[in-house]
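The values are calculated or read from the model by the stated rules, or taken from the named source; none is laboratory data. On a predicted model such as this, the values are computed, not experimentally measured, just so you know. Neighbour counts run over all protein chains shown; Cβ positions are idealised from the backbone, glycine included.
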Ligand SMILES: [Zn+2]
């Protein structure tokens, strides 16, 4: 059943029960509160989403592709930090972000670049943190809001999921602050310390964009503040719609990157 035509349905904006065929939410006044009956379908689609796995698979495929596009460059390591480092040409072809691609109108690179990595250590480190931080953020904010926080925080102009990882840390810190109490303060301290440690680590490693880390943290903090966490407000269709739109934009981004590089 793709579309629910009868019974009751939750408003996508405020989450209150409405009749499935209502044209205006009785509570908040939103038009077509049940999204023409597609609200429940949205819930089922997002319910199957495993963001940590999706990010892992996408990053590994994009990384393998970036190595295969220019294998000779990838094998030319000069130190531990550029073992299996794809060439900048290969990364550009797959959608690396930066001032130049942006100036060329490659807007989608802000989404695709999250999934591109500059070396073996870079991708290992980021995926380890995505898998570590994805589950707690999902538990406290919900699946759709995890996607929103991850993507919004990952947007700063650089390759790699580091900005998004800092965004997940920022979201946890925001949750801890907003919740307060013994548990909230424990979350605040734990994730705040991790953020601080990885941020300082960034200054000890070569080629790290520390500004993007700070920007990612701020972006995640802000996205968490705006989206709200699960204790305050349950996830609604509006969040699910936003999450699927962001994932779709990312998919379209990769298609556009490949199209402009290999077809046009
Ligand atoms: Zn409503």
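Residues in segment 217-237 that are assigned to a helix (DSSP H, G or I) and either over 21 Å from residue 54 (Cα atoms) or at pLDDT 95 or above (or both): 217, 218, 219, 220, 221, 222, 223, 224, 225, 226, 227.
When each of 86, 40, 80 is tested for being touching a strand residue (DSSP E or B) at 6+ places or on another chain (Cβ under 8 Å) and at negative phi, the lone residue that passes is 40. Inspection of segment 106-122 finds no residue satisfying the criterion of being surrounded by fewer than 15 Cβ atoms within 10 Å (Cβ to Cβ), assigned to a helix (DSSP H, G or I) and either free of Cβ contacts under 8 Å to residues at least 40 places away in the same chain or touching a helix residue (DSSP H, G or I) at 6+ places or on another chain (Cβ under 7 Å) (or both). Take the residues in segment 1-51 that are away from the ligand (no atom under 16 Å from the Cβ) and crowded, with 19+ Cβ neighbours inside 10 Å; name whichever of them is nearest to residue 251 (Cα to Cα). Checking each candidate, the answer is 51. Candidates 103, 97, 90: the one that is within 14 Å of residue 62 (Cβ to Cβ) and free of Cβ contacts under 8 Å to residues at least 40 places away in the same chain is 90.
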